[in-house]
Amino acid sequence: MSGVAAILLAAGRGTRFGEEFKLLAQVGGKALVRHVAEAAVHSSINPVIVVTGYSAEAVRAELQELPVQIVHNPFFADGLSTSLKAGFSALPLEARAALMLLGDMPLVSASLIDALVAGWHESGEPAALVPTLNGRRGNPVVISRDLQAAIESLSGDVGAGPFLRGRPDVVEWPTADNAVVQDIDTKEEFGKLRL
């Protein structure tokens, strides 16, 4: 085991996308969230924990035959922080870190996931490892279990980004992979997506 688990955040409504539920929008014959889940499953990471919330049964059905662990977040409407907490609380004891995957980043590949995990180990297992593209921070981020207390203190619709900024124990990991900054928030962005 790599010592790193995956937490795939798939609980939000994605209201900027419009009426259709963003994570189930089809591209290349698969839902956005399935592309991300398959990348995680085909990587060296184990387990893959999927945090559901809005339209949980539909997300579960989309992923049903994949070897993932589903964790439902009943408080998803209170914001992203609740899904981070739900994911971290489901980590197995042997997991020293979690790779945080966003359900709307279908260009993330298994090879990128493996490279991030290797980068975290090679960097001395820092508090977090954040991929960057041309100096811009992106996702997925590897977050050490040592930060679980900080995650538990979060509230509302905030992720880990704010408390990772300015920390000396966060490593930036430069990459040329555009996937780290390509999330899908709107129909326009979805329309430009090329897998």
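Within segment 175-195, residues that are farther than 14 Å from V33 by Cβ and assigned to a helix (DSSP H, G or I) sit with their Cβ atoms under 7 Å from residues that are of a type in the set (F, W, Y) and modelled with pLDDT under 75, at 6+ positions apart or across chains, in these pairs: K187/F17. When segment 47-61 is filtered for residues that are touching a strand residue (DSSP E or B) at 6+ places or on another chain (Cβ under 7 Å) and surrounded by fewer than 20 Cβ atoms within 10 Å (Cβ to Cβ), the ones remaining, listed by number, are P47, A56, R60.
In segment 125-142 there is no residue that is at pLDDT 95 or above, of a type in the set (S, T, N, Q) and assigned to a helix (DSSP H, G or I).
How many residues are surrounded by fewer than 13 Cβ atoms within 10 Å (Cβ to Cβ) and either modelled with pLDDT of 90 or more or among the hydrophobic types (A, V, I, L, M, F, W, C) (or both) if we restrict to segment 173-195? Spell out the reasoning first.
Let us first name the residues in segment 173-195 that are surrounded by fewer than 13 Cβ atoms within 10 Å (Cβ to Cβ), namely 174, 176, 178, 188, 191-192, 194-195.
Still in the list and also either modelled with pLDDT of 90 or more or among the hydrophobic types (A, V, I, L, M, F, W, C) (or both): 174, 176, 178, 195.
Residues meeting the conditions: 4.
Evaluation of M100 against the conditions (1) in contact with a helix residue (DSSP H, G or I) (Cβ under 8 Å, 6 or more places away or on another chain); (2) part of a helix (DSSP H, G or I) shows that the sole unmet condition is (2).
So how many residues does segment 62-84 have that are among the aromatic types (F, W, Y) and either in contact (Cβ under 8 Å) with a residue 60 or more places away in the chain or crowded, with 20+ Cβ neighbours inside 10 Å (or both)? Show your work before the answer.
Taking segment 62-84 as the starting set, the residues that turn out to be among the aromatic types (F, W, Y) are 75-76.
Narrowing the set further to residues that are either in contact (Cβ under 8 Å) with a residue 60 or more places away in the chain or crowded, with 20+ Cβ neighbours inside 10 Å (or both) leaves 76.
Going through segment 62-84 one residue at a time, the tally reaches 1.
Note on segment 16-69: residues that are within 23 Å of A95 (Cβ to Cβ) and not aliphatic (A, V, I, L, M) total 11.
The values are calculated or read from the model by the stated rules, or taken from the named source; none is laboratory data. Quick caveat, the model's predicted, so the values are computed rather than measured. Positions of Cβ are generated from backbone atoms using ideal geometry, with glycine treated the same way; all protein chains shown enter the neighbour counts.
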